[in-house]
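The values are calculated or read from the model by the stated rules, or taken from the named source; none is laboratory data. What you see is a predicted model; the values in this text were computed from it and never measured. So basically every Cβ, Gly included, is an ideal-geometry build from the backbone, and we count neighbours across all protein chains shown. Ligands, DNA and RNA are excluded from the accessible area calculation, which covers all protein heavy atoms including side chains. Shrake-Rupley method; radii C 1.70, N 1.55, O 1.52, S 1.80 Å.
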Amino acid sequence: MNFDPNDPRLTAYVLNELPDAERAEVEALLASNPEAAAFVEELRATTGLIAASLANEPDLTLDPARRATIRTAAETHPAGRIVAFPWWRTLAGFGAAAAALVLAVVGLHLQRVKESRSSASELQIVTGIVHEQPTDAARGAVPASVAIKDDRLVATPPEATFDVAALEKMAEPPKEELARDNAFTMSAPAPAAAPASPVLASTRAVGLAAKGIIGSGFAERRRQERESAIISPSQDDFDVIRENGFQRVGDHPLSTFSIDVDTASYAVVRKLLNDGFRPPRDAVRIEELINYFTYDYPPPVDGRPFAAHLEAMPAPWNPQHSLVRIGIKGKVIDRAERPPLNLVYLLDVSGSMNDVNKLPLVKRSLQALVNQLDARDRVAIVVYAGAAGLVLPPTPGDQGPAILEALERLEAGGSTAGGAGIELAYRTAREHFRSNAVNRVILCTDGDFNVGTVQRGDLEAQIEREAKSGVFLTVLGFGMGNYKDSTLELLSNKGNGNYAYIDDFNEARKVLVDQMLGTMVTIAKDVKIQVEFNPAVVAAYRLIGYENRMLKKEDFNNDKVDAGEIGAGHTVTALYELIPVGQPLPDVPEVDALKYQVPSSPAAPDTEALTVKMRYKDPAGDTSTKLEFPLPAGALGNPAPSDDVRFAASVAGFGMLLRDSEHRGTLTYADVLRLAESALGDDRLGYRAEFLKLVRNAEAITGKP
Amino acid sequence: MEHPEWIERLVGQHEKPLCRYAYSLTRSVSAAQDAVQETFLRLCKADRSKIEGHEAAWLFQVCRSRVIDMQRKEKPMNHLTPAQEAVLAAPGKNPAETAMHRDTENLVPRLMDGLPDRQREAIRLKFQQNLSYRDIARVLDTSEGNVGFLIHTGIKTLRDQMKTLSGAVS
């Protein structure tokens, strides 16, 4: 082993935490390398100072009232309950495996009770000694005198005699006798060697317990990990979605909505299904499922910011109905041509972000992103937890090491106070605002976004205001517990931003790196779609998904009404279900024919089924431009629909089944599977194949074919 | 041992260390006492067979999450002091330099305050509570390897700072 001051084994050696083999390695190093030996002695000296200092901290105990409460509770609760599994854990999806686990745990539990009886008596003996030798006395420290003032402990510590002497020793060249110096031996008990420290009692007990119950401990830990990783879906927070119903074209010839490029719902649904849960209805946003996938739409060739591709096929759940796909493709920007980025990462470092699928994932994905940046870009990092702070001032993108170093230092701990953090993040972004750059705050959180004393309305207003001044907000949700889905989506919408849910590194790379240009470089904003249906061809229509993106028809031409944005290379997909003229209409109440209006004669009687009108603004512009894309009536009977449209249809059907949609007809998961399997296309990244797995999971969990 | 005795023994054994620990996290006597009370109340309701063998780690782990939950509910906003902000903004700066202008008494606690939260917590659990790396990993919900890293890095930082400082003093 070579000497490396950053090797944690050196401290572990000092603290007797190394297994024998490694211990021997360190000892060999110390014997052969004086520099290492000196370093380790300094570590030992430091540990002594720390132990002495901490031993000097004032004592604090419970007051009699609190103690009495605990005593009452101890007497009213029965001892040693049997391990109980929440009932839902034994439901479908877990099935036999969960049942087997229950048996195993209960079995081992019984064994454990026997074990712990015998070990308990030994334990008592050991702890008896502990009581006779209080730890403070064992450490040779003098207890401080303490008073409580303003809810704080105010201590008058004894003379800190060791400090100065120890410091002087450390400044001198190391000597052999350093380790034996009184100042250190007095205050640095080697934990395992201390005759009666509490650790002896607990490690002994762990050892005894471990003999009989390793299996149970492992199963138990696995179960706890599962429980902490996911919470019952009902605790997550999703807004209620009321599905769009059919509209008669005669009464409502126009359908207007704002484009939406979020995909978070898919990752939420995937996580729940993979964990054996049926997602709650309102977690299933069909347009987000559809838009999770990329479709191979050609980019615009005419200099416009995007192209629209219309295609139809029979609806899989009702062959008498047509499904019309509107596929929009944003123009593709060459990486070299992309505008510079001014990014401020706002990271939640509260304690709950500690899980491997949260902060560590944020770090890894940011590292991957940093590799793509260059000198034109600026990256800053703001953290928030109990407090908000700037951990990386705006730093050029080519200074990767500086950015990565700041990332490395991050660690989770403390509670969440998002309000202060978001203020600081916007301030940082504004200070380095460049009009030709992409100015964006990227919030990474596990969702418990505590706005603190700031009213939520104020926060939304601020985010909206910042968006108008050109600083947009992207929200990335990590992990699952405490996931406040609706809050995050709302915030990102207010901030002209997008919102994604990230549950593994692939997803992180997809959102943060692969889509970086698409997500970051907005090529058009306030993109609205209005579809006009021809009553001579279409009797009724229904927009699938986009429930919370609906606009009033007069909003389409109103440039003051905000809408979604499209990023470079992005695809946006929307599906309409159409009932052609001549097919029976579902129970849609009809509005009386108008008495005083003259029915206008259609411009193109039955040659066009519909026209898609789109309005958009340049990212920096205030006035909108309109584009129109008609769909010929003949295209409704498309004999050979493409893989893309059929795959999108299968995803829509999947969402309708999960939502228990009243429009699902006779559709089954098996139908969805068949359709999707036949429409995988080249699926280079395997996203569509993963979808098949998800459909099978859903089928198993719901118990329906 | 009967259940109430078992609880009482654990209260007697861990009350002070837990209070100290909670106080180090909350800096409020009443909040610390609340967290510790809540911890023992959970102990009363908990499945004893799951806890026996690693009582200390269980208690510190529960106590820690009580504190975090309480802070989440009760202290929604807490701006940094200007001094803390300065340290965060210039992470390369040595906190020892700030400390050296004061007397050397209480130097170690002050330097420890400058460490990142988790390093400080791990060190406290090691040296004040004598928990093993394994138990600390349980309390902090991380791996043993990470605990080793946290403690080593924290101690090395303190050692570096004290060296610099004593060099400056002499």
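Below is a table of values for the structure above.
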item	result
Hits in the range A:668-705 (condition: small (G, A, S), surrounded by fewer than 20 Cβ atoms within 10 Å (Cβ to Cβ) and closer than 24 Å to A:Y297 by Cβ)	A:S678, A:G681, A:G686, A:A689
Odd one out for B:I51, checked against (1) at pLDDT below 85; (2) touching a Cys at 6+ places or on another chain (Cβ under 7 Å)	(2)
Any hit, the range A:332-342, residues being of a type outside the set (D, E), over 18 Å from the mean Cα position of the chain (by Cα) and buried (at least 24 other Cβ atoms within 10 Å of the Cβ)	yes
Selection count, the range B:32-61, where residues are of a type in the set (A, V, I, L, M) and open to solvent by 20 Å² or more (accessible area, probe 1.4 Å)	1
Complete set of residues in the range A:568-581 that are touching a Leu at 6+ places or on another chain (Cβ under 9 Å), at pLDDT below 90 and buried (at least 24 other Cβ atoms within 10 Å of the Cβ)	A:A568
Residue that is most open to solvent (accessible area, probe 1.4 Å) [pool: residues in the range A:501-520 that are assigned to a loop (DSSP other than H, G, I, E, B) and at pLDDT 70 or above]	A:D504
Filtered residue count, the range A:352-390, keeping only those that are more than 25 Å from B:D69 (Cβ to Cβ) and in a strand (DSSP E or B)	5
Members of the range A:529-555 found to be buried (at least 22 other Cβ atoms within 10 Å of the Cβ) and more than 28 Å from the chain's Cα centre (by Cα), listed by number	A:I529, A:V531, A:F533, A:N534, A:V537, A:V538, A:A540, A:Y541, A:L543
Members of the range A:1-26 found to be in a helix (DSSP H, G or I) and surrounded by 13 or more Cβ atoms within 10 Å (Cβ to Cβ), listed by number	A:P8, A:R9, A:L10, A:T11, A:A12, A:Y13, A:V14, A:E22, A:R23, A:E25, A:V26
Test: A:G637 is closer than 30 Å to A:D562 by Cα, surrounded by fewer than 16 Cβ atoms within 10 Å (Cβ to Cβ) and more than 29 Å from the chain's Cα centre (by Cα)	no
Scan of the range A:462-491 for residues that are open to solvent by 30 Å² or more (accessible area, probe 1.4 Å) and at pLDDT 80 or above, ordered by number	A:E464, A:R465, A:K468, A:S469
Only one of B:R124, B:R102, B:R134, B:R110 that is more than 7 Å from every other protein chain (Cβ to nearest Cβ) and modelled with pLDDT of 85 or more	B:R134
Neighbours by Cβ (under 6 Å, 6+ apart or cross-chain): first from the range B:41-64, facing chain A (nearest Cβ under 7 Å); second among the aliphatic types (A, V, I, L, M) and outside any helix (DSSP H, G or I)	B:R48/A:A79
Scan of the range A:650-667 for residues that are surrounded by fewer than 16 Cβ atoms within 10 Å (Cβ to Cβ) and on the phi < 0 side of the Ramachandran plot, ordered by number	A:E662, A:T666
Every pair of residues 6+ apart whose Cβ atoms lie under 6 Å, when the first sits in the range A:399-418 and is more than 17 Å from A:G351 (Cα to Cα) while the second is at pLDDT 70 or above and of a type in the set (S, T, Y)	A:A402/A:T395; A:I403/A:T395
